[in-house]
Amino acid sequence: MNTSVLPYRRLVAALFGTLKVMQMYGRRHDATVDAVRNLGEAIHAAADEGETRIGVRGKRVQVNGRTMRASECGSLALTFLASEWTKRGIECVRMLPDVTAHDVEEFSILFIELDLTSPEPAQRLDAAVRDAGCHGITIEAARVEEHDPIVLEERRATAMRSYLRGLRAFKAVLRCDGLEDRKTLRRARRAVQGIVDRFMEDETAVLALAQIQGHDRKLFRHSLNVCIHALLIGQRLGLSRRQLGELGLAALFHDLGKTADEATEQHPARGALMILKESSTHEGMLKAAIAAYEHHAGAGLPTLEHAPHLVSRIVAIADCYEALTRRETEDDAEPRAPHEALNLMQRRAGTLFDPVLLKVFVNALGLYPVGALVQLSTGEVAIVAEGPRGDRPDLPQVKILLTATGRLEAEQAIDLAETLDDGQPVRHITRTLEPHEVFGSVGEYVSAI
Ligand SMILES: [Fe+2]
Ligand SMILES: [Fe+2]
């Protein structure tokens, strides 16, 4: 995987430079011509599958979905870009593979000269760029309010659709008993990319789906949930959209060997062979084969002479967490509460699991994952709505669903990190609850999330 951040840094610097120079000198000046040429090169160098996306979420500048840090690009450039994007109501500027120097120049001048007093500047900029004949650049307007309930509702629905599409695609792979059918593989790949895109848009909505305990807790659900948790680690590591796609696919197929044979010890090698046999030419699938082969390497199945691949190490963590927290898992063991599972895994950091990746996972998930139902010390029942904001993984953001007397509460949002004068938290979690202890149906559960 190429995780180099250099082209992204160069792009941020070039974009900052060009817009500044354009502001000062206009388009005809020598400095502007140089800056535009430099920006054009930087855009191509930063392309991920041909496309370069520069977006702003909140106050963070993202290149191809990766948040750029002040330590990498300098806060001057990042603050400038974030504020210019926000002023124009832009969520993302998308540079397509065929972007030309002419497009870059036109975009920069139109961007600077845009009238900010009229409504919908992003939409007007997009139209102006198109009218100027730049087909290599599109401007996406920021959506309404991030926390708008309608927007959140829509995101949940799209996340759910992506999840179900993923389940169907993977079921199709299992039905065909492998990957012989190219169409099935393509479908799975598209489904995973769909999940990656939803994930990059709103990871909370996707993570919540992995909490749903359906009636069909079989291999495909296990695999899809492993995929989602692996993506969480990948996202925190700053992997690109393409890399996340490869990781997601590898996670989805990690237990493929189990479909052909019940002999558990054989499934890593068998899975890897099944993948290699049909799809060795695709680089992403090569990683899937490696992950299938290596995902139990920490437990010596098989013993390796080298350290397992990064993708295998990520899948191993997501796989174990998923297996420990599910009922009717591959081991048929009693399910553990998320925090128990993570505690158990932390004791194996350095032997079974890569300690750094495990830390990334625990921090990202919090001890109580989004969507987990919890009982509070006050007797109230709550649902974990967001990970912890502070450094206490046991104190996430929750929404109270039931009062201590069992009355329905109007989803009061609470940060468990809130403390009393003596520094003790006002409320803390006493135990996790199974959805059936609180809700009647999966539907009811999903709508509470
Ligand atoms: Fe496995
Ligand atoms: Fe597994």
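Can you put D115, D197 in order, fewest other beta carbons within 10 Å first?
Numbers: D115 8, D197 16.
Going from least to most buried by this count: D115, D197.
From the phi angles alone, apply the Karplus equation (6.51, -1.76, 1.60; θ = phi - 60°) to segment 41-47 and give each ³J(HN,Hα) in whole Hz, x where the residue is Gly or Pro.
5, 5, 4, 5, 5, 8, 4
Per-residue counts of other Cβ atoms within 10 Å, averaged by peptide: what ranking do you get for 224-230, 11-17, 152-158, 420-426, highest first? Walk me through the intermediate numbers first.
Numbers: 224-230: 26.9, 11-17: 22.0, 152-158: 15.3, 420-426: 8.9.
Order by mean packing, descending: 224-230, 11-17, 152-158, 420-426.
Provide the percentage of antiparallel DSSP beta bridges, counting only those with both residues in the chain; round to the nearest 5.
The answer is about 95 percent antiparallel.
For a protection proxy built on the mean count of beta-carbon atoms within 10 angstrom, sort 22-31, 55-64, 393-402 highest first, please.
Details: 22-31: 13.2, 55-64: 17.9, 393-402: 19.6.
In decreasing order of mean packing, 22-31, 55-64, 393-402 become 393-402, 55-64, 22-31.
In deg cm²/dmol, rounded to 500, what helix-only [θ] at 222 nm does the chain give when every DSSP H run of at least 4 residues adds -39500 (n - 2.57) and the total is split over its residues?
Numbers: 19 runs with 237 residues, N = 449.
That comes out to -16500 deg cm²/dmol.
Taking K87 as the anchor, which lysines have their alpha carbon closer than 19 Å to its alpha carbon, excluding any fewer than eight residues away along the same chain?
K20, K59
Give the lysines reachable from K277 as a straight Cα distance under 23 Å; neighbours fewer than 8 places away on the same chain don't count.
Candidates past the 8-residue exclusion: K171, K183, K258, K287.
Determine, for L252, L357, L114, the number of other Cβ atoms within 10 Å of each Cβ, and report the residues in order from fewest to most. Could the numbers behind the result be given before it?
On the way: L252 28, L357 20, L114 17.
Result, fewest neighbours first: L114, L357, L252.
Restricting to Cα pairs below 8 Å that are 6+ residues apart, what does the relative contact order work out to for segment 1-148? Please round to a whole percent.
Details: 204 pairs, mean separation 33.9, N = 148.
Relative contact order here is 23 percent.
Restricting to Cα pairs below 8 Å that are 6+ residues apart, what does the relative contact order work out to for segment 374-438? Please round to a whole percent.
Result for segment 374-438 is 33 percent.
Among G133, L207, G257, whose Cα lies farthest out toward the positive end of the dipole of the chain, if unit charges sit on the beta carbon of Lys, Arg (+1) and Asp, Glu (-1)?
G133
So for the chain, averaging the separation of alpha carbon pairs under 8 Å that are six or more residues apart and normalising by length, what relative contact order in percent results? Could the numbers behind the result be given before it?
Working: 707 pairs, mean separation 40.5, N = 449.
After rounding, I find 9 percent.
Quick check: pseudo-label points 7 Å beyond the Cα along Cα→Cβ at E437 and T138, how many nm apart are they?
4.7 nm
What is the set of long-range amide H partners of I90 at a cut-off below 5 Å, with H atoms built 1.01 Å from backbone N?
Amide H neighbours of I90: A142.
Values in this text are rule-based calculations from the coordinates and carry no lab data. Source: prediction; values computed, not measured. We place every Cβ from the backbone using ideal geometry, glycine too, and count neighbours over all the protein chains shown.
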